[in-house]
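Reading through the structure tokens given below for one structure.
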Amino acid sequence: GLATALTALAQFFAALPGAYHHTGDPMAESQSPPLLQLDVMGERGELANLLSFSDKEETLWMVDCGGTLTYQRQLLPLLRNRGINHLDALIITHGDQGHIGSAPALLSQLRPPLLFEGPFKSRSPVYPQIRALADSLGVQTTSLAAGQRVHLNEQVTWEVLAPSTNSNNSYRFADDKALVLKLTC
């Protein structure tokens, strides 16, 4: 019982903002970073994508962040290994729990200043928590629809291919309302 209580206390204090700082793998810094790197993670239908773009300085964007399992087992270890303590933006493609279930933890721990999402309201039970947390942290939220472009920098652009704001909003499943993005580098 004492070991369980101590473990719970350690996890609680480690989850507080500013309670930790990842230093990463010192051996990884000796290698020159690739211009564009995409890490795809997921367990049991969950999905998280980390996009790293290195120009003058590294830019980190997350496209979906997976559910709890993916976040704990794959995403957090990757971030710790690379010494990543912040994100530049989070893109939520749709409200599927397996794609945004860990968004509240990611927002509170990595504090991305930008949040991009589709034009339709999400029915996911975690979505109101994501919006409330983003508002409380001062995260700039932008709704994207077909035809819009988001410029990461001079060389990297996201183009939104779907959905259109003119689309019928009576889609039954979250997967039917997903943002479809084209990355050009």
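The values are calculated or read from the model by the stated rules, or taken from the named source; none is laboratory data. Predicted, not measured: the structure shown is a model, and the values here were computed from it. Note that each Cβ is placed from the backbone with ideal geometry, even for glycine, and that neighbours are counted across all protein chains shown. Accessible surface is based on the protein model in full, side chains and every heavy atom, while ligands, DNA and RNA are left aside. Shrake-Rupley method; radii C 1.70, N 1.55, O 1.52, S 1.80 Å.
Tell me which residues, restricted to segment 66-108, are open to solvent by 20 Å² or more (accessible area, probe 1.4 Å), farther than 14 Å from Leu50 by Cβ and in a helix (DSSP H, G or I).
Thr68, Leu69, Gln72, Arg73, Gln97, Ala105, Ser108
Return the pairs, sorted by first residue and then second, in which the second residue is at pLDDT below 90 and among the hydroxyl-bearing types (Ser, Thr, Tyr), the first residue lies in segment 82-101 and is closer than 15 Å to Trp61 by Cβ, the beta carbons are less than 6 Å apart, and the residues are 6+ apart or on different chains.
Here the result reads Asp88/Thr59, each pair linking segment 82-101 to a residue that is at pLDDT below 90 and among the hydroxyl-bearing types (Ser, Thr, Tyr).
Taking the condition open to solvent by 70 Å² or more (accessible area, probe 1.4 Å), among the hydrophobic types (A, V, I, L, M, F, W, C), at pLDDT 85 or above and at negative phi, does Leu161 pass?
It is true that Leu161 is open to solvent by 70 Å² or more (accessible area, probe 1.4 Å), among the hydrophobic types (A, V, I, L, M, F, W, C), at pLDDT 85 or above and at negative phi.
Residues of segment 55-65 being acidic (Asp, Glu) and surrounded by fewer than 22 Cβ atoms within 10 Å (Cβ to Cβ), which ones?
Asp55, Glu57, Glu58
Going residue by residue through segment 159-180, is there one that turns out to be in a helix (DSSP H, G or I) and not charged (D, E, K, R)?
Yes, that holds for at least one residue.
Can you find a residue that is assigned to a helix (DSSP H, G or I) and either in contact with a strand residue (DSSP E or B) (Cβ under 8 Å, 6 or more places away or on another chain) or not aromatic (Phe, Trp, Tyr) (or both) anywhere in segment 42-64?
Among the residues of segment 42-64, not one is assigned to a helix (DSSP H, G or I) and either in contact with a strand residue (DSSP E or B) (Cβ under 8 Å, 6 or more places away or on another chain) or not aromatic (Phe, Trp, Tyr) (or both), which makes the answer no.
Taking Ala19 and the conditions (1) surrounded by 12 or more Cβ atoms within 10 Å (Cβ to Cβ); (2) at pLDDT below 85; (3) touching a helix residue (DSSP H, G or I) at 6+ places or on another chain (Cβ under 9 Å), which numbered condition does it fall short on, given that it satisfies the others?
Among (1) surrounded by 12 or more Cβ atoms within 10 Å (Cβ to Cβ); (2) at pLDDT below 85; (3) touching a helix residue (DSSP H, G or I) at 6+ places or on another chain (Cβ under 9 Å), the lone unmet condition for Ala19 is (1).
Could you give every pair whose Cβ atoms fall below 6 Å, whose first residue belongs to segment 124-139 and is in a loop (DSSP other than H, G, I, E, B), and whose second residue is open to solvent by less than 70 Å² (accessible area, probe 1.4 Å) and aliphatic (A, V, I, L, M), counting only separations of at least 6 or pairs across chains?
Sorted first by the residue in segment 124-139, then by its partner, the pairs are Val139/Leu115.
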